[in-house]
1. After finding the eigenvalues of the alpha carbon gyration tensor for segment 84-135, what semi-axes result from the square roots of 5 times each, listed largest first in whole Å?
2. Amide H of F133: which non-local residues (sequence gap of 5 or more, or other chain) have their own amide H closer than 5 Å, using H built in the peptide plane?
3. Roughly speaking, to the nearest percent, how much of segment 68-109's 1.4 Å accessible area is carbon and sulfur?
4. Give me the angle, in degrees from 0 to 90, between the Cα long axis of helix 59-69 and the longest principal axis of the Cα atoms of the chain, rounded to the nearest 10.
5. Go ahead and set up a Gaussian network model of the chain, Cα springs under 10 Å, then flag whichever of K238, K191, K146 fluctuates most.
6. Suppose every Lys and Arg Cβ carries +1 and every Asp and Glu Cβ carries -1, with no other charges. What dipole size does the chain come out with about its Cα centre, to the nearest 20 debye?
7. How tilted is helix 95-113 with respect to the longest principal axis of the chain? Cα atoms for both, answer in degrees (0 to 90, nearest 10).
8. Classify segment 202-341 as rounded, prolate or oblate from the Cα gyration tensor: take a ≥ b ≥ c as the square roots of its eigenvalues, call it rounded if a/c is under 1.5, otherwise prolate when a/b beats b/c and oblate if not.
Amino acid sequence: MAHPLRLESEILELRTRHPFIIARGGQSDYRTVMVRLIDGDGVEGWGEAAPNRIYGESVETVHGALQNYSDRLPSDPFLLEDAEAGWESILALNPSARVALSSALHDLVGKRLGIPVYKLWGLDPAKAPRSTFTIGIDNDAKLRQKVKEAEQYPILKIKLGTDRDVEILETIRGMTQKELRVDANCGWSVKQAIRMLPVLEEFGVTVLEQPLAAEDLEGLGKVSRASRIPVIADESCKTAADIPPLVGKVDGINLKLAKCGSLREALRMIAIARAHQMMVMIGCMIESSIAITAAAHLTPLVDIVDLDGAALLQDDPFVGASIDGGQVRLPTGPGLGLSRR
Ligand code: MG
């Protein structure tokens, strides 16, 4: 019997408007992998893998993983739970490759049913919080230019974790009264983080993301206890299994599809975090509107949205969810609601 689903993939070459620099470095050119699942009637579901070296992935590992997964495409695309479990049983790592398939399958199922994915989950898109827009690490002049260019966005996320963090905050606060959130991307020690807390308060920072190294959960506990600003775990929290050890150590988690490996795992993470009264943030990688849109369908369930990955690009090859003016707008078409630009 011919297999009802076919998998195709292509590399997307993406370029950010400015080099995107965070505490551990950065660049302008990014490669992601678009995945298409095509059924016997020619209906296509789309997904995107945005591999990240710090989670052990590259475009090459994504291609290798997709080859393995292509032998385990579900005969019934509606069996989302079984399909995702099957992929995880073959290769449990490779989360960006798996989430590309998971997104494509959800897109396909939504199209077959004629409804958007958020509707499949019973969600109201009007409940989506506003998205931040990120200002990467840069010199003073470039920071000013970026803050100007980000005029339409009401909430800025500032990348820190450098030896000139106070200067960066001074420059940005000197230009705008907008809400500011901070992400140190593992760049501080416990001592540095605790020293920065009153500074962050002085500048009116409302959220502090991943001040310490990913594995330093005890340190995160110390910082959170000393902080009046909520502390969110990003690099320390990849999948649902990472949440219980973080209970009492941080105020919330930053969920990203490229870390957790599937849309259903994302839903599980939200449920587990909520059971522990933790805040939920949804973030992204530098990626096109395919991956951003898959994440955007979850935004009615979260407190903090940081889905600027496609907004930071020079040319986004796809049209899907948007964050113009910080407002998350979900497409209303079936599935993920994506089209090529
Ligand atoms: Mg982060």
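The values are calculated or read from the model by the stated rules, or taken from the named source; none is laboratory data. A quick note: this is a predicted structure, and the numbers were derived from the prediction, not measured. Note that we place each Cβ from the backbone using ideal geometry, even for glycine, and neighbour counts take in every protein chain shown. Just the protein is used for accessible areas: all its heavy atoms, side chains included, with ligands, DNA and RNA removed. Shrake-Rupley method; radii C 1.70, N 1.55, O 1.52, S 1.80 Å.
1. Working: eigenvalues 122, 76, 16 Å².
Sorted largest first and rounded, they come to 25, 19, 9 Å.
2. The answer is I155, L156, K157.
3. Values: 790 of 1560 Å².
Carbon and sulfur: 51 percent of the exposed surface of segment 68-109.
4. Here the helix axis deviates by roughly 40 degrees.
5. Of K238, K191, K146, the most mobile in the Gaussian network model is K191.
6. Working: 39 positive and 46 negative charges, 127 e Å.
Dipole magnitude for the chain comes out near 600 debye.
7. Helix 95-113 sits at roughly 60 degrees to that axis.
8. Details: a/c = 2.25, a/b = 1.73, b/c = 1.30.
Verdict is prolate for segment 202-341.
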